[in-house]
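In what follows, a single structure is set out as structure tokens and then discussed.
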Amino acid sequence: MLILKAFEFKRGDTIIHKLDPRVKFIFSFSCLLLSFLFGSVIILFCILIMILPLFYISKSLGNYLKSLRGALFFMIIIFLLNYFTSGIDMAILIIIRLILIMSSFSIFFLTTYPEDFALALVSIGIPYDFALTFIMAMRFVPTLAREAQLIIDAQRSRGLELDKGAFITKLKNYIPILVPLIVSSLRRSMSVAEAMESRAFGASPKRSSLIELSFKRRDYVALTLIVSFTVLMLFLKFYFHIEDYLK
Amino acid sequence: MIEVNDLWFDYDGHPVLKGVSFEISSGEIVAIMGENGAGKTTLIKHFNGLLKPKRGYVKIFGVDTREVTVAQLSRKVGLIFQNPDHQLFAETVKDEVSFALKNFGFPKDVIEVRVEKILKMLDLYDLKDRSPFTLSGGERRRVTIASVLCYDPDIIVFDEPTVGQDYRNKERLARLIKLLHTQSKTIVVVTHDIEFVAENIPRVILLSSGRVIADGSTRRILTDENLIMKANLVLPQITQIAYFLKDFGIPKDLLWISEIRDSIIKVFRR
């Protein structure tokens with residue numbers, strides 16, 4: 001699952017790793033907002049070009065490119081679907097929008113330590129239990145992928161041929177993969193729950209935290225940049241109707 | 001027959017096997033041993049083509065594994081994986097064991113006969129209508145063994161078969177290996193369980209960080225202190241006793257209880 005490389009945290013010591021997760025989240029969210037508001041390929045492309053250096057600065061360009069390669073297959077499908085239903089212009093727009101959204105969230109997940117991410121969620125009012133559930137789900141994605149591979153190997157060794165037969169047969173071929181995967185995930189979730197409870201998870205209603213998030217100067221600078229850029233773009237769109245000039 | 005020649009393999013550029021070569025003749029029983037991460041499981045996944053060599057070749061009965069499908073090779077090479085939870089999926093033990101036979105296209109009546117025979121052989125017949133998920137660890141392990149033995153492959157590869165098994169289950173496995181040997185099967189056992197190898201398996205291939213560091217008789221390899229240390233193992237208990245008693249004229253290359261008993265008695269008789 002190459003595509004997941006875009007969302008796998010990689011330890012690092014760059015300025016982007018050090019930024020407050022809330023700032024990075026606002027960045028990703030602004031990109032999401034802009035990518036939906038603007039319907040112009042040129043503008044979206046410009047924003048994308050502006051994001052790319054961030055991958056270079058955070059030394060995660062390699063993972064990012066790998067995930068794009070992994071997503072290629074889906075992108076081609078989406079492109080073709082849109083091409084046949086709404087024409088070439090729409091298809092290009094959708095693809096560039098997709099890459100932009102993926103990139104903006106990928107920079108967040110690539111550079112944010114999962115624990116920090118949970119803290120950021122808590123600080124915007126999400127209960128810790130939910131935040132933890134979310135980061136644990138992220139944490140177990142690679143484990144699940146590895147386990148799926150082991151199961152596929154075991155079943156192929158017993159003569160299972162995944163891509164044999166017509167469409168329905170092909171789907172049925174996945175039953176021997178999915179059943180063990182689901183069963184062992186359930187088993188594991190039980191034992192994780194037991195392990196957590198035996199380490200007193202949920203013992204006190206108000207949980208303290210070893211790391212406290214706090215804004216530093218670089219966070220204020222980054223936040224100012226992000227907010228002013230977003231406001232500028234909104235201004236250009238709604239006041240100047242910039243998109244009309246680009247047609 | 002298994003022929004491995006200068007086999008190289010890496011995962012995304014991390015080399016795991018670095019020029020592994022050996023041959024296993026038909027009817028042999030061989031243990032593949034080595035430290036965690038030595039490349040044992042990666043190696044046996046080449047035997048039925050799950051992995052293909054990056055360099056060198058693997059031949060099974062003279063056929064290069066790159067030229068045939070996993071399904072075709074699996075018909076000849078039965079791989080029994082370590083964790084039963086990674087393959088059990090059917091509603092009953094009987095269905096689980098029939099799975100491979102159905103995949104290989106055996107006719108229905110043959111499946112019936114074979115499944116019954118193999119379930120009886122592995123003491124699973126009384127459990128045939130149970131769900132595999134409700135069985136004990138040892139029983140689950142036996143179901144995975146049955147689900148491979150049922151289609152009668154010529155080469156049988158066990159990955160860590162003794163992990164988490166009690167002594168009786170280990171004895172059962174030892175008896176099974178002997179039985180399969182009398183049916184002139186080729187048996188490969190990947191394991192850390194040095195006592196099990198010392199008692200039951202005559203030949204050892206020792207891997208260490210992706211290379212074969214020794215290949216030969218179990219007696220020569222498992223009683224060689226330096227080799228054992230290199231592979232992150234410890235000497236078999238009987239051999240350790242023999243080492244302690246070497247000043248009394250007891251030879252160091254002992255593996256079995258009967259041997260050390262005889263040599264100790266000889267010392268007392270002197």
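Throughout, read-outs are computed from the coordinates displayed, never taken from laboratory work. Since the model is a prediction, treat every value here as computed from it, not as a measurement. Because the Cβ atoms are built from the backbone with ideal geometry, glycine has one as well, and the counts that use them run over all protein chains shown.
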What base-10 log of the normalised intensity I(q)/I(0) is obtained for the protein assembly as shown from the Debye formula, alpha carbons as equal point scatterers, at q = 0.05, 0.08, 0.09 Å⁻¹? -0.31, -0.72, -0.86
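Counting other C-beta atoms within 10 Å, which of B:Met33, B:Met229, A:Met138 has the fewest, and how do the rest follow? Walk me through the intermediate numbers first.
On the way: B:Met33 28, B:Met229 11, A:Met138 17.
Ordered by Cβ neighbours within 10 Å, fewest first: B:Met229, A:Met138, B:Met33.
If you take each beta carbon of peptide A:171-184 and count the beta carbons of other chains within 10 angstrom, what is the mean? Kindly include the intermediate steps, with their values, before the conclusion.
On the way: counts 0, 0, 1, 0, 2, 7, 2, 1, 6, 8, 3, 1, 6, 4.
Mean shielding count: 3.
Run the dipole for the protein assembly as shown about the Cα centre, Lys and Arg Cβ at +1, Asp and Glu Cβ at -1, nothing else charged, and hand back the magnitude in debye, nearest 20. Walk me through the numbers on the way to the answer.
Working: 65 positive and 53 negative charges, 74 e Å.
Its charge dipole is roughly 360 debye.
As a footprinting exposure proxy, order A:Ile26, B:Ile205 by other Cβ within 10 Å, with the fewest listed first.
Details: A:Ile26 17, B:Ile205 23.
Taking fewest neighbouring Cβ atoms as first place, the list is A:Ile26, B:Ile205.
From largest to smallest, what semi-axes in whole angstrom does the stretch B:47-194 give when each is the square root of 5 times an eigenvalue of its alpha carbon gyration tensor?
Numbers: eigenvalues 121, 73, 41 Å².
Ellipsoid half-lengths, sorted descending, are 25, 19, 14 Å.
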Among B:Thr186, B:Leu124, B:Leu255, the residue whose Cα sits farthest towards the positive end of the charge dipole of chain B, when +1 is placed on the Cβ of each Lys and Arg and -1 on the Cβ of each Asp and Glu, is B:Leu255
Positive-end residue, the stretch A:126-198 charge dipole about Cα centroid, Cβ charges, pick of A:Met136, A:Ile152, A:Ser198: A:Ile152
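For a quick check: sort B:Val190, B:Val113 by the number of other beta carbons within 10 angstrom, fewest at the front.
B:Val113, B:Val190
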How well do other chains shield peptide B:82-94, expressed as the mean number of their Cβ atoms within 10 Å of each residue Cβ? 5
Kirkwood estimate for the stretch A:117-197, i.e. one over the average of 1/r between Cα atoms, Å: 15.0
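Restricting to the protein assembly as shown, what percent of DSSP beta bridges are antiparallel, rounded to 5?
Values: 21 of 39 bridges.
Expressed as a percentage, antiparallel bridges in the protein assembly as shown total about 55.
Report the relative contact order of the stretch A:126-198, percent, no decimals, based on alpha-carbon pairs under 8 angstrom and at least 6 residues apart.
Working: 20 pairs, mean separation 20.6, N = 73.
This gives 28 percent for the stretch A:126-198.
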Using a ≥ b ≥ c from the Cα gyration tensor of chain A (square roots of the eigenvalues), is it rounded, prolate or oblate, where a/c under 1.5 gives rounded and otherwise the larger of a/b and b/c decides, a/b for prolate? oblate
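Evaluate the charge dipole of chain B about its Cα centre and quote only its size in Debye, nearest 20, assuming +1 on the Cβ of each Lys and Arg and -1 on the Cβ of each Asp and Glu. All intermediate terms of the calculation are to be shown ahead of the outcome.
On the way: 38 positive and 36 negative charges, 90 e Å.
So the magnitude is around 420 debye.
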Fluctuation leader among A:Gly87, A:Gly165, A:Gly12 - chain A, Gaussian network, Cα springs under 10 angstrom: A:Gly165
As I understand it, the dipole of the protein assembly as shown uses +1 on the Cβ of Lys and Arg and -1 on the Cβ of Asp and Glu, about the Cα centre. Which of A:Ile51, B:Ala38, B:Leu245 lies farthest toward its positive end? A:Ile51
P(r), alpha carbons of the stretch A:25-113 - 10 Å bins starting at zero, rounded %: 17, 47, 31, 5, 0
Assign one of three labels to the stretch B:1-123, namely rounded, prolate or oblate, based on the Cα gyration tensor with a ≥ b ≥ c the square roots of its eigenvalues; rounded applies when a/c is under 1.5, prolate when it is not and a/b is larger than b/c, and oblate otherwise. prolate
Provide the net charge surrounding B:Phe133, with neighbours chosen by a C-beta distance below 13 Å and charges set as Lys +1, Arg +1, Asp -1, Glu -1. -2
Within 13 Å, Cβ to Cβ, of B:Val234, how many net charges do the neighbouring residues add up to if Lys/Arg are +1 and Asp/Glu are -1? -4
Let me know the shape class of chain B, please: from the alpha-carbon gyration tensor, a ≥ b ≥ c as square roots of the eigenvalues, rounded when a/c is under 1.5, otherwise prolate if a/b is greater than b/c, or oblate. oblate
Could you give the distance between the Cα centres of the stretch B:75-100 and the stretch B:117-163, to the whole Å? 8
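Regarding the stretch A:33-174, what whole-number volume in Å³ per residue does the convex hull of its Cα atoms give? Mind dumping the intermediate values first?
Numbers: hull volume 24.7 nm³, N = 142.
Normalising the Cα hull of the stretch A:33-174 by residue number yields 174 Å³.
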Among A:Val122, A:Val221, A:Val192, which one shows the highest mean-square fluctuation when chain A is modelled as a Gaussian network with alpha-carbon springs under 10 Å? A:Val192
Evaluate the Debye formula for the stretch B:113-270 with equal point scatterers sitting on the alpha carbons, no solvent, and hand back log10 of I(q)/I(0) at q = 0.10, 0.13, 0.14 Å⁻¹, in q order, two decimals. -0.47, -0.73, -0.81
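Suppose every Lys and Arg Cβ carries +1 and every Asp and Glu Cβ carries -1, with no other charges. What dipole size does chain A come out with about its Cα centre, to the nearest 20 debye?
Value, rounded to 20: 420 debye.
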If I build a Gaussian network model for chain A, linking alpha-carbon pairs within less than 10 angstrom, which residue out of A:Lys170, A:Lys216, A:Lys237 has the largest mean-square fluctuation? A:Lys170
Per residue convex hull volume, Cα atoms of the stretch B:118-198, in Å³: 94
Could you work out how far the C-alpha centroid of the stretch B:205-270 sits from that of the stretch B:42-68, in angstrom? 33
Go ahead and estimate [θ] at 222 nm for chain A from helices alone: -39,500 (n - 2.57) per DSSP H run with n ≥ 4, summed, over the residue count, rounded to 500. -25000 deg cm²/dmol
